1. Lys and Arg at +1, Asp and Glu at -1: add these up for the other residues within a Cβ distance under 15 Å of A114 and post the number.
2. List nothing, just return the count: lysine pairs in the stretch 165-253, 8 or more apart or interchain, with Cα separation under 30 Å.
3. Could you calculate the FRET efficiency of T177 with H243 from 1/(1 + (r/R0)^6), where r is the beta carbon distance between them and R0 is 25 Å, rounded to 0.05?
4. Sum up the charges of everything whose Cβ sits under 14 Å from the Cβ of R251, counting Lys and Arg as +1 and Asp and Glu as -1, but leave R251 out.
5. For the pair F236 and R40, what calculated FRET efficiency results from E = 1/(1 + (r/R0)^6), where r is the Cβ-Cβ distance and R0 = 22 Å, to the nearest 0.05?
6. Between R23 and E184, what is the label-to-label distance in nm when each label sits 7 Å out along the Cα-to-Cβ direction?
7. Could the peptides 146-152, 34-40, 157-163 be put in order, highest first, of the mean number of other beta-carbon atoms found within 10 Å of their residues?
8. Give me M112, M222, M170 sorted ascending by neighbouring Cβ count inside 10 Å, so fewest comes first.
Amino acid sequence: MASRTKRFTTRELSTRTLPDFERFFWQVNGCGCALYLFGRHLSPAARSAEKGKRFSGKDWRAGELAAVKELVRKGLAHGILVYADGEPVGWCHFGRAEEVPVPREDSIPRRMFARNPSTQWRITCLLTRIDHRRQGVATVALTAAVAAIKMRGGGWVEAVPMAFPHRDPMLTKLRKTYGWRSTEITEYLRESWPSKDIPGIGRVNACPVTTRSMDHAGTLSMYEKLGFKPTAIDEFRSSDPHHPWHYLVVRLKA
């Protein structure tokens, strides 16, 4: 499947696009969506006989990418790659609810599963290369993911995006000075952190972003443009007084 919005094109993850998938995730220092596919980050596959040897981030990423590539070959990993002038610059992971995460013998945290029992598809991860952010890449990827789900028969699609983003350099400075769980941080968040009302949901708080980072869950507004409706505050990702931001469960009948 291919589509174009401005200069962006999309292709689905497959054995043919695996080299592009691998190149993209090395560029963004990401995990290749292994967290959502397996329910946990994976340890390096190779273990040294030397007790206590530490593995580098490069070893860890290589192990996760290798595991995801094996799922692609088995037809158990799905996603959309976004290209700019032939280079992969964005990603959106989606999958059937019963396959995300893939069944394993290990215990998997409840927060890694679909929130609603009627959910048939999930969209879990959106990433954009830093030099292409704020250009609509994530929206292109999300649109293509919904189209791919419809081509496979559709059904109820679920995601858990941020309520809305907020960039606050002061919060970054306070964290560096006082620490993440200090009284100063708690007071600052209580007095200064933005919030707004969402019909049917109630009062929700913003989620922090920086000039270099954007939460991989995406934003509510991005999903609403495609017809997703918020159904609840997500109890697993919405957090405590030290981190009082909110994520919402959103759903679409595709």
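Throughout, read-outs are computed from the coordinates displayed, never taken from laboratory work. Please read all numbers here as calculations on a predicted model, not as lab measurements. For neighbour counting, all protein chains shown are included, and Cβ atoms are generated from backbone atoms with ideal geometry for every residue, glycine included.
1. Net of charged neighbours comes to +3.
2. Total qualifying Lys-Lys pairs in the stretch 165-253 comes to 7.
3. 0.90
4. +1
5. For R40 and F236, the calculated efficiency is 0.90.
6. With each label placed 7 Å out from Cα toward Cβ, I get 4.6 nm.
7. 157-163, 34-40, 146-152
8. Placing the least packed residue first, the sequence is M170, M112, M222.
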